[in-house]
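K.L.:
Attaching a single structure in structure tokens format; questions to follow.
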Amino acid sequence: MATSITGAHVIARTLKDLGVTAIFGIVGVPVSDIAEEAINLGIRFIGFRNEQAASYAATAYGYLTGRPGVCLVVGGPGVLHAVAGVGNAQANGFPLLLLGGSVETHLITKGGFQEMDSISLLTPYTKLCIRAPIVTSLPSTIANAYRQAYYGRPGTGFVDLPADIIMDECADPSDINATPQIPPPPKGGADDAQVLKISRLIKNAKAPLLLIGKGAAYGRAEDVIRRLIDSTGLPFLPSPMGKGVVPDSHPCNVSSARSVALKAADVVLILGARLNWIFHYGEPPKWNAGARFIQVDISPEELGRNAADAELGIVGDVNVVVGQLKLQLGDWRYDHSSSDYMAKLANAKLENEAIAAKAAGDPSIPLTYAHAFDTIKTALHSLSPPEEGGIVYVAEGANTMDISRSIFPLEHARLRLDAGTYATMGVGLPYAIAAHEAYNGPGASTCSGPARRKKVVAIEGDSAFGFTGMEIETMARFQMDILIFVINNSGIYFGDSDSGEDWAARQAKTVGGEAGLRSWALGWEIKYEKMAQAVGGIGYFVRTPEELRKATGAGFKAKVPVIVNVIIQSGKVEKPSFGWQVTAKKKTNGVRL
Ligand code: ADP
């Protein structure tokens with residue numbers, strides 16, 4: 001007689017059949033049975049301190065590995081916290097399979113333990129949102145959610161797992177569906193007439209520009225895009241996470257002349273990016289009103305959005321379409337020597353690079369952002385040159401993310417994660433864990449650049465760090481040697497005060513009014529490094545370039561998580577503003593300027 005098996009075992013078995021090697025989550029009864037069964041089958045279960053962080057990690061793992069990341073949480077509040085990751089997956093187009101526990105089927109509407117209608121909550125934000133109806137069909141239910149998360153523009157597949165289904169026993173295992181095979185998504189290309197039309201437009205452009213987004217990185221299109229740029233000489237601009245698809249050091253990279261390129265471009269080829277806030281909707285004043293936008297995107301719904309012209313759009317996989325375009329363009333090359341546009345870009349590059357070099361040398365103490373980042377960069381490059389691709393950068397925070405983006409060059413794809421399309425704060429530590437698992441974990445299959453083992457370096461604003469700072473314990477528990485810099489100006493954006501005394505005096509007047517602490521304030525020079533020490537890691541508190549250089553070198557070599565708490569200038573008398581929001585009105589809202 002066959003031995004009976006539980007729903008929990010069937011779920012774990014299905015994940016194993018789908019090739020899942022890591023699950024991110026937090027357990028409670030009876031979801032813990034699934035995690036335990038998964039561990040017994042050789043799948044890593046990475047237990048977090050908050051479902052929000054676990055769900056963020058699963059999304060980034062999905063982006064880096066190119067297959068859905070899996071997140072397992074309890075029902076009610078567990079699912080509610082994980083909605084953060086679901087929103088993040090939808091906004092960024094990351095593949096996520098979320099498995100959430102729920103109340104026993106017969107207790108629905110009775111006020112059962114952690115009862116919540118997850119299906120109604122998640123339906124608008126998921127590609128498939130379904131309750132598992134019966135143990136025997138669990139494999140096909142889960143595989144379908146996985147496939148829908150994976151195919152087309154990636155997003156979330158959610159399966160609600162009632163406690164009675166998880167704990168149910170199936171007396172005859174032969175009744176259980178086999179797990180359907182889910183091969184990588186088929187790749188579509190463009191029709192020949194459209195390729196011909198687009199290639200003519202590109203050849204006739206006076207000021208062409210390529211935009212490279214994280215869809216190109218996700219689609220692993222780096223080789224074909226590099227070949228296209230090498231053969232045509234077309235100037236390109238990566239999005240923040242499209243950095244590295246083509247090396248930042250490539251002579252056609254016009255990142256340091258971004259504003260000039262946007263304003264002057266007349267024909268823009270968009271490879272796996274959207275005309276959303278990151279690229280200013282393709283509209284004036286950042287862009288030239290007459291610019292023509294050619295989108296190459298896996299999602300038909302994206303075509304024609306904002307300033308883009310749907311008639312120029314191509315639905316297809318970026319790898320295939322760029323290959324077709326390259327073939328059509330043949331040995332045509334954009335002539336830089338007779339282009340005023342290229343001359344303008346070259347001048348702007350020189351000017352901006354000189355400004356950046358001057359900022360990096362600012363000798364002030366406390367350190368400026370630019371000087372702190374330059375010091376970290378120099379120390380890291382001496383240990384791991386960018387050509388080797390041995391470092392994955394994670395960056396979040398407002399100024400921390402924006403300023404560091406242009407300072408740390410990338411030579412390979414998928415080596416930078418940041419707050420992304422949703423500008424989500426709190427993703428930094430979870431993303432760092434995901435990157436460590438994706439590149440160095442037992443199931444690691446993804447690579448970028450010659451270095452197979454990667455050091456993960458998280459550059460965190462002090463506010464951003466606070467959202468998920470407790471995940472330092474998760475890193476320590478899983479022996480992840482992640483190097484974290486907390487760029488500490490004691491506040492959000494520029495903070496509120498420029499000295500400890502001023503901060504204390506203002507704190508004393510908490511009643512408000514002109515003198516009280518403003519909304520940008522955080523605790524003064526908090527000793528974040530002690531959080532690493534508390535969990536068995538190493539912490540450094542640094543103020544000077546020399547201390548920072550030493551801590552970076554030691555932190556890079558450490559085998560445990562490290563926090564380098566970098567005190568930088570605070571409370572600068574500058575208006576907190578958001579560079580990406582060009583239309584924002586200049587208002588102070590009572591902030592001291
Ligand atoms: P970024 O933030 O880097 O500008 P976005 O996330 O806004 O990038 O846009 C990425 C785009 O890439 C999405 O519209 C998505 O549909 C698209 N995409 C994802 N994978 C592929 C692929 N393999 N081929 C073509 N387009 C893709």
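K.L.:
For Ala193, are the conditions met, namely being without any contact (Cβ under 8 Å) to a residue 60 or more places away in the chain and either under 25 Å from Tyr422 (Cα atoms) or away from the ligand (no atom under 16 Å from the Cβ) (or both)? Break it down into steps so the answer makes sense when it comes.
P.N.:
Details: without any contact (Cβ under 8 Å) to a residue 60 or more places away in the chain: yes; either under 25 Å from Tyr422 (Cα atoms) or away from the ligand (no atom under 16 Å from the Cβ) (or both): yes.
So Ala193 fits the description; yes.
K.L.:
Something else: Look at Ala370 and say whether it is of a type in the set (A, V, I, L, M) and closer than 30 Å to Tyr439 by Cα. Please lay out each step first, then the result.
P.N.:
Working: of a type in the set (A, V, I, L, M): yes; closer than 30 Å to Tyr439 by Cα: yes.
Spelling it out, Ala370 is indeed of a type in the set (A, V, I, L, M) and closer than 30 Å to Tyr439 by Cα.
K.L.:
Among the residues of segment 201-233, which ones are away from the ligand (no atom under 16 Å from the Cβ), in contact with a Lys or Arg (Cβ under 9 Å, 6 or more places away or on another chain), assigned to a loop (DSSP other than H, G, I, E, B) and not hydrophobic (A, V, I, L, M, F, W, C)?
P.N.:
Gly233, the sole residue that qualifies.
K.L.:
Among the residues of segment 288-297, is any among the hydrophobic types (A, V, I, L, M, F, W, C) and within 12 Å of the ligand (Cβ to nearest atom)?
P.N.:
Yes, segment 288-297 contains a residue that is among the hydrophobic types (A, V, I, L, M, F, W, C) and within 12 Å of the ligand (Cβ to nearest atom).
K.L.:
Also, I was wondering about something else. Restrict the check to segment 95-109 and report whether at least one residue is in contact (Cβ under 8 Å) with a residue 40 or more places away in the chain and on the phi > 0 side of the Ramachandran plot.
P.N.:
Looking for residues that are in contact (Cβ under 8 Å) with a residue 40 or more places away in the chain and on the phi > 0 side of the Ramachandran plot, one finds none in segment 95-109, hence no.
K.L.:
State all residues of segment 233-269 that are closer than 15 Å to Ala308 by Cα and in contact with a Gly (Cβ under 7 Å, 6 or more places away or on another chain); if no residue qualifies, say none. Talk me through it step by step, then tell me what you get.
P.N.:
The first filter runs over segment 233-269 and keeps only residues closer than 15 Å to Ala308 by Cα, leaving 262, 265-269.
Scanning segment 233-269 gives a single hit, Asp266.
K.L.:
How many residues, within segment 282-324, are in contact with a Gly (Cβ under 9 Å, 6 or more places away or on another chain) and surrounded by fewer than 17 Cβ atoms within 10 Å (Cβ to Cβ)?
P.N.:
The qualifying residues number 6.
K.L.:
Additional query: Please go through (1) under 24 Å from Pro173 (Cβ atoms); (2) touching a helix residue (DSSP H, G or I) at 6+ places or on another chain (Cβ under 7 Å) for Asn40 and return the number of the only condition it doesn't satisfy.
P.N.:
The failed condition is (2).
K.L.:
Within segment 512-537, restricting attention to residues that are within 26 Å of the chain's Cα centre (by Cα) and not in a loop (DSSP other than H, G, I, E, B), which residue is farthest from Ser490 (Cα to Cα)?
P.N.:
Restricting to residues being within 26 Å of the chain's Cα centre (by Cα) and not in a loop (DSSP other than H, G, I, E, B), the top hit is Ala532.
K.L.:
Being surrounded by fewer than 22 Cβ atoms within 10 Å (Cβ to Cβ) and under 30 Å from the mean Cα position of the chain (by Cα) is the filter; apply it to segment 102-121 and report the residue that is farthest from Pro185 (Cα to Cα).
P.N.:
The residue in question is Met116.
K.L.:
Return yes when Ala38 is surrounded by 20 or more Cβ atoms within 10 Å (Cβ to Cβ) and under 19 Å from the mean Cα position of the chain (by Cα) and no when it is not. Spell out the reasoning first.
P.N.:
Details: surrounded by 20 or more Cβ atoms within 10 Å (Cβ to Cβ): yes; under 19 Å from the mean Cα position of the chain (by Cα): no.
Spelling it out, it is not the case that Ala38 is surrounded by 20 or more Cβ atoms within 10 Å (Cβ to Cβ) and under 19 Å from the mean Cα position of the chain (by Cα).
K.L.:
Among the listed residues Ser174, Ser199, which satisfies the condition of being at pLDDT below 95 and hydroxyl-bearing (Ser, Thr, Tyr)? If you could, list the steps in order and put the result at the bottom.
P.N.:
Numbers: Ser199 fails: at pLDDT below 95.
Result: Ser174 is the single residue among Ser174, Ser199 that is at pLDDT below 95 and hydroxyl-bearing (Ser, Thr, Tyr).
K.L.:
Does Leu161 satisfy the criteria of being of a type outside the set (D, E, K, R), assigned to a helix (DSSP H, G or I) and surrounded by 14 or more Cβ atoms within 10 Å (Cβ to Cβ)?
P.N.:
Working: of a type outside the set (D, E, K, R): yes; assigned to a helix (DSSP H, G or I): no; surrounded by 14 or more Cβ atoms within 10 Å (Cβ to Cβ): yes.
So Leu161 does not fit the description; no.
K.L.:
Would you check which residues across segment 190-221 are buried (at least 21 other Cβ atoms within 10 Å of the Cβ) and among the acidic types (Asp, Glu) and list them?
P.N.:
If the condition is that a residue be buried (at least 21 other Cβ atoms within 10 Å of the Cβ) and among the acidic types (Asp, Glu), then no residue fits.
K.L.:
Can you tell me which residues in segment 410-456 are over 14 Å from the mean Cα position of the chain (by Cα) and hydrophobic (A, V, I, L, M, F, W, C)? Spell out how you get there, then give the answer.
P.N.:
Kept after step one, since they are over 14 Å from the mean Cα position of the chain (by Cα), are these residues of segment 410-456: 410-412, 437, 439-455.
Answer for segment 410-456, where residues must be over 14 Å from the mean Cα position of the chain (by Cα) and hydrophobic (A, V, I, L, M, F, W, C): Leu410, Ala444, Cys447, Ala451.
K.L.:
Keeping to segment 101-140, report how many residues are over 30 Å from Gly219 (Cβ atoms) and part of a helix (DSSP H, G or I). Step through it out loud before you land on a result.
P.N.:
Taking segment 101-140 and keeping what is over 30 Å from Gly219 (Cβ atoms), we get 101-121, 131-138.
Filter again for part of a helix (DSSP H, G or I), leaving 105-107, 118-121, 135-138.
The number of residues fulfilling the criteria is 11.
K.L.:
Let me ask you something else. When Val254 is evaluated against the numbered criteria (1) out of contact with any helix residue (DSSP H, G or I) (no Cβ under 7 Å at 6 or more places or on another chain); (2) more than 15 Å from the ligand (Cβ to nearest atom), which criterion, by number, is the only one it fails?
P.N.:
Val254 satisfies all of (1) out of contact with any helix residue (DSSP H, G or I) (no Cβ under 7 Å at 6 or more places or on another chain); (2) more than 15 Å from the ligand (Cβ to nearest atom) except (1).
Listed here are the residues, each with its yes/no results for (1) surrounded by fewer than 12 Cβ atoms within 10 Å (Cβ to Cβ); (2) under 25 Å from the mean Cα position of the chain (by Cα); (3) within 16 Å of the ligand (Cβ to nearest atom); (4) more than 28 Å from Tyr218 (Cβ to Cβ).
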{"residue": "Gly157", "(1), (2), (3), (4)": "no, yes, no, no"}
{"residue": "Asp168", "(1), (2), (3), (4)": "no, no, no, yes"}
{"residue": "Ala178", "(1), (2), (3), (4)": "yes, no, no, yes"}
{"residue": "Gly188", "(1), (2), (3), (4)": "no, no, yes, no"}
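K.L.:
List the number of the failed condition for Gly66; all other conditions in (1) in contact with a Gly (Cβ under 7 Å, 6 or more places away or on another chain); (2) more than 18 Å from Glu36 (Cα to Cα); (3) surrounded by fewer than 24 Cβ atoms within 10 Å (Cβ to Cβ) hold.
P.N.:
Here Gly66 meets the rest and fails (1).
K.L.:
How many residues does segment 239-250 hold that are crowded, with 24+ Cβ neighbours inside 10 Å and either modelled with pLDDT under 95 or more than 8 Å from the ligand (Cβ to nearest atom) (or both)?
P.N.:
Counting residues in segment 239-250 that are crowded, with 24+ Cβ neighbours inside 10 Å and either modelled with pLDDT under 95 or more than 8 Å from the ligand (Cβ to nearest atom) (or both) gives 4.
K.L.:
Which one is nearest to Lys187 (Cα to Cα) among residues in segment 41-63 that are buried (at least 24 other Cβ atoms within 10 Å of the Cβ) and aromatic (Phe, Trp, Tyr)?
P.N.:
In this case the residue turns out to be Tyr63.
K.L.:
If you take the residues of segment 307-325 that are of a type in the set (D, E, K, R) and either part of a helix (DSSP H, G or I) or near the ligand (Cβ under 7 Å from one of its atoms) (or both), which of them is farthest from Thr232 (Cα to Cα)? Show your work before the answer.
P.N.:
Of the residues in segment 307-325, the ones of a type in the set (D, E, K, R) are 309, 311, 317.
If we keep only those that are either part of a helix (DSSP H, G or I) or near the ligand (Cβ under 7 Å from one of its atoms) (or both) too, we end up with 311, 317.
Details: Glu311: 24, Asp317: 20 Å.
Within segment 307-325, the match that is farthest from Thr232 (Cα to Cα) is Glu311.
The values are calculated or read from the model by the stated rules, or taken from the named source; none is laboratory data. Everything numeric in this text was worked out from a predicted model, so none of it was measured. Note that each Cβ is placed from the backbone with ideal geometry, even for glycine, and that neighbours are counted across all protein chains shown.
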